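Enquirer: Here it is: the structure, laid out below.
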Amino acid sequence: MYLLICYDISKNRTRNKISKKLLDEGLERVQKSVFEGSLPQKQLGALRKQLNRLLGKKDSIRYYQLCKSCQERVLKLNPGIATPKKRSKKIATKIL
């Protein structure tokens, strides 16, 4: 199944562990806290259990399943990860 996974994690250490785990599972980082890719149902279940053990009380992870039709309708503008430095340069360029 094709998934979009996003999270809101307060601690850097936990956030780094979760992002590393998602990358290790073969998911692609599309934004700083958003990943997408395909995982079999059984693998997703195991991943969810592993990630759930890492979460703090105020942390959250959302899993969205995208059907084939929905995947084809995803609109990507300026694909790639914008770091804070890159974002600042883009804003400065637009102002000038």
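What follows draws every value from the coordinates through simple rules; no lab data is involved. These figures come from a predicted structure and were not determined experimentally. All Cβ positions, even for glycine, are placed from backbone atoms using ideal geometry, and neighbour counts span all protein chains on display.
Enquirer: Calculate the spin-label point distance for Gln65 paired with Glu28, positioning each point 7 Å from the Cα along the beta-carbon direction, and give it in nanometres.
Expert: Between Glu28 and Gln65, the label points sit 2.2 nm apart.
Enquirer: Holding the Cα-Cα limit at 26 Å, pick out from Lys32/Lys76; Lys49/Lys76; Lys11/Lys49 the pairs that are longer than that.
Expert: Values: Lys32/Lys76 15 Å; Lys49/Lys76 30 Å; Lys11/Lys49 19 Å.
The answer is Lys49/Lys76.
Enquirer: Under 16 Å Cα-Cα from Lys68, which aspartates and glutamates qualify once same-chain neighbours fewer than 8 residues away are excluded?
Expert: The qualifying aspartates and glutamates are Glu36.
Enquirer: Moving to a separate point now. Compactness ratio of the range 1-63: Cα Rg over 2.2 N^0.38 Å, N = residue count? Mind dumping the intermediate values first?
Expert: On the way: Rg = 10.7 Å, N = 63, 2.2 N^0.38 = 10.6 Å.
In units of the 2.2 N^0.38 Å rule of thumb, it is 1.01.
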